Amino acid sequence: MNRIIAIDQSTSSTKALLFDEQCRLVARTNVDHQQHYPQTGWVEHDAVEIYDNMIEAIRQLMANSQEPVADTLYSLAITNQRETAVVWNKRTGKPIANAVVWQDTRGAELCRELRALGYGKLVMDKSGLLIDPNFSATGIKWLLDNIPGARETANDGELLLGTIDTWLVWKLTGGKVHATDYTNASRTMLFNIHTMQWDDELLQLFDIPRSMLPEVKPCDALYGETTAEGIFPTPITIAGVLGDSHGALVGQMCFQEGSGKVTYGTGSSVMVNIGEKPLPAPEGLVTSVGYSAFGKTYYGYEGNIYSTGATLKWMADQLQLVGHPAEMEAQAVSVSDNGGVYIVPAFSGLGAPWWQSDVKGAVFGLTFATTKAHFLRAALESIAYQIRDLVDVMAHATGGQLKEICADGGPTKNKFLMQFQADMLDTPVVCTEVDDASALGAVIMNGFARGLWKSFDEVKDFRKVTQVFKPQPTAATAQLYQGWREAVGQLIK
């Protein structure tokens, strides 16, 4: 048997998913990791905990699958939360500090300074990105400048850096492979998406030594071998690496120019395939490497929303309004509307298309008639409004309304949200059999790397549509969205 283990390392947890040769999900496990908030606006993860959790997830997966290891050819694929930056000592193998998470805003002041000095065009022209703390460079620079001895150790060539995929591959291979893929590299503000190389001018701008940087490979490359800390008696191949949003683009089979997807996760990513040329992004969006395979690179317009699933988790964990986000749908449909309540979930600022990192979250329209159900409904609606903000910009940039939006992620199980999303976009929302489209994308790249499949056409039928939410907008739909825009307008500068 040929089995592919996909590691989906997300902002809140690490999943291990077992797929067969037909990309059918055989088994899965999930291990949560802790979120660290040492100061207002700071978000950190323990990279060692994430690696340990990944090993534990694989161990549980193998136990749950009940398949004989000796009779099976296993390989490992990785998709990961993007932009989160780890810096570690290559001698000791230990991180110099917690990882700086993509939601972290400690680099906001540096970003303001660089924009004021006129570096915005340089960064956009080379990396395709806006200067924003969401991307890895400012977090890396902060670690080098603020962790005692880090700058000196880095200059001596003793420190390595990487996004989470790089860290996991390095650990899995016992420090033999220091590598990332084009998609993760394209989210750092250090990578030139035209030359497909780390850019000396950008490295100089952020004062990051080139010696720290990983090798950059296509998504469908071989990345080494591992026993996963002895789980496998002989080493298995690591093949297929890409960031989670890009994995979802592949997993949703968005291989045609103009096809797009929405990933509903901790945050949300809207990405549209724009073909083989890294075209300048319209205002409010960025251009990234969409994916690379078979010797070609495909680019995408993308917008990132910082808080979607995170908003629902906050409602459950911090405010304890429900025991679990899955309980929110029943509350939301128990009232006929949001009661005039709007939640702008700018917990880490507002992402695309606003890019206002210093904005704080706010609630508008509270009255004595407001109930918990109105509040929870407003939280779900805030996700659809933010997606609408982005899709409107993308539709205009690509020459018209998108024919459909492919949706993936845990919140797609919420039928109220998906129908509200379709109504808000006036576009069909297509949900698929595999919630974890990012993992499916990694599996496909793994198969390409190992010669299991030799073309995009061979895999396109692996996507199984489970439900299509057709838009049913009413006069109230436009009014609701206008209310959202007015709420956001009170916060942005």
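The values are calculated or read from the model by the stated rules, or taken from the named source; none is laboratory data. As the structure is a prediction and not an experimental result, all values here were calculated from the model. Cβ atoms come from the backbone with ideal geometry, glycine included; neighbour counts cover every protein chain shown. The protein model used for the area step is the full one, side chains on, heavy atoms only, and it has no ligands, DNA or RNA in it. Shrake-Rupley method; radii C 1.70, N 1.55, O 1.52, S 1.80 Å.
Brief remarks on what is shown
- Selected residue (only one of Val333, Val322 is among the hydrophobic types (A, V, I, L, M, F, W, C) and crowded, with 17+ Cβ neighbours inside 10 Å): Val322
- Residue in segment 408-431 that is surrounded by fewer than 24 Cβ atoms within 10 Å (Cβ to Cβ), in contact (Cβ under 8 Å) with a residue 60 or more places away in the chain and in a strand (DSSP E or B) present: no
- Taking segment 397-423 as the range and being within 25 Å of Thr14 (Cβ to Cβ), among the small types (Gly, Ala, Ser) and modelled with pLDDT of 85 or more as the test, only Ala407 passes.
- Test result for Asp20, touching a residue at least 12 places away in the same chain (Cβ under 8 Å), of a type in the set (Asp, Glu) and more than 22 Å from Ala85 (Cβ to Cβ): yes
- The residues in segment 34-83 that are assigned to a helix (DSSP H, G or I), at pLDDT below 95 and closer than 26 Å to Ser348 by Cα can be counted, and the count is 0.
- Tally, over segment 9-27, of residues that are assigned to a loop (DSSP other than H, G, I, E, B) and closer than 20 Å to Asp317 by Cβ: 3
- Within segment 278-315, considering residues that are among the charged types (D, E, K, R) and out of contact with any strand residue (DSSP E or B) (no Cβ under 7 Å at 6 or more places or on another chain), the one modelled with the highest pLDDT: Lys296
- Single residue of Lys176, Lys141 found to be assigned to a loop (DSSP other than H, G, I, E, B), out of contact with any Leu (no Cβ under 6 Å at 6 or more places or on another chain) and either at pLDDT 95 or above or buried (at least 19 other Cβ atoms within 10 Å of the Cβ) (or both): Lys176
- Selection within segment 288-319 - open to solvent by 30 Å² or more (accessible area, probe 1.4 Å) and assigned to a helix (DSSP H, G or I): Lys313, Trp314, Asp317
- Scoring Pro282 on the criteria (1) under 18 Å from His194 (Cα atoms); (2) surrounded by 22 or more Cβ atoms within 10 Å (Cβ to Cβ) leaves a single failure, condition (2).
- Scanning segment 77-106 for residues that are charged (D, E, K, R) and over 19 Å from the mean Cα position of the chain (by Cα) yields Lys90, Arg91, Lys94, Arg106.
- Close Cβ contacts (under 6 Å, 6 or more residues apart or on different chains) running from residues in segment 90-106 that are small (Gly, Ala, Ser) to residues that are at pLDDT 95 or above comprise Ala97/Leu143; Ala97/Ile147; Ala99/His45; Ala99/Ala47; Ala99/Thr84; Ala99/Val86.
- Some residue of segment 112-127 being in contact (Cβ under 8 Å) with a residue 60 or more places away in the chain, touching a Ser or Thr at 6+ places or on another chain (Cβ under 8 Å), assigned to a helix (DSSP H, G or I) and buried (at least 22 other Cβ atoms within 10 Å of the Cβ): yes
- In the set (1) of a type outside the set (A, V, I, L, M); (2) in contact (Cβ under 8 Å) with a residue 12 or more places away in the chain; (3) within 25 Å of Gly93 (Cα to Cα); (4) out of contact with any Gly (no Cβ under 6 Å at 6 or more places or on another chain), the condition left unmet by Pro148 is number (2).
- Test: Lys454 is open to solvent by 30 Å² or more (accessible area, probe 1.4 Å), over 30 Å from Ser382 (Cα atoms) and not in a helix (DSSP H, G or I): yes
- Only residues that are among the aromatic types (Phe, Trp, Tyr) and in contact with a His (Cβ under 6 Å, 6 or more places away or on another chain) were counted across segment 328-369, and they come to 0.
- Being among the aromatic types (Phe, Trp, Tyr) and either in contact with a Lys or Arg (Cβ under 7 Å, 6 or more places away or on another chain) or without any contact (Cβ under 8 Å) to a residue 60 or more places away in the chain (or both) holds for only one residue in Tyr481, Tyr385, and it is Tyr481.
- Comparison of Gln197, Gln204 shows that the only residue that is free of Cβ contacts under 8 Å to residues at least 40 places away in the same chain, in contact with a strand residue (DSSP E or B) (Cβ under 9 Å, 6 or more places away or on another chain) and over 17 Å from Arg82 (Cβ atoms) is Gln197.
- Some residue of segment 195-212 being hydroxyl-bearing (Ser, Thr, Tyr), assigned to a helix (DSSP H, G or I) and more than 20 Å from the chain's Cα centre (by Cα): yes
- Single residue of segment 84-111 satisfying the filter (assigned to a strand (DSSP E or B) and not hydrophobic (A, V, I, L, M, F, W, C)) that is surrounded by the fewest Cβ atoms within 10 Å (Cβ to Cβ): Asn89
Each row is one residue, and each column tells you yes or no for (1) in contact with a strand residue (DSSP E or B) (Cβ under 8 Å, 6 or more places away or on another chain); (2) closer than 30 Å to Ile236 by Cβ; (3) among the small types (Gly, Ala, Ser).
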position	(1), (2), (3)
Ala397	yes, no, yes
Asp408	yes, yes, no
Thr412	yes, no, no
Asp426	no, no, no
Ala475	no, no, yes
Arg485	no, no, no
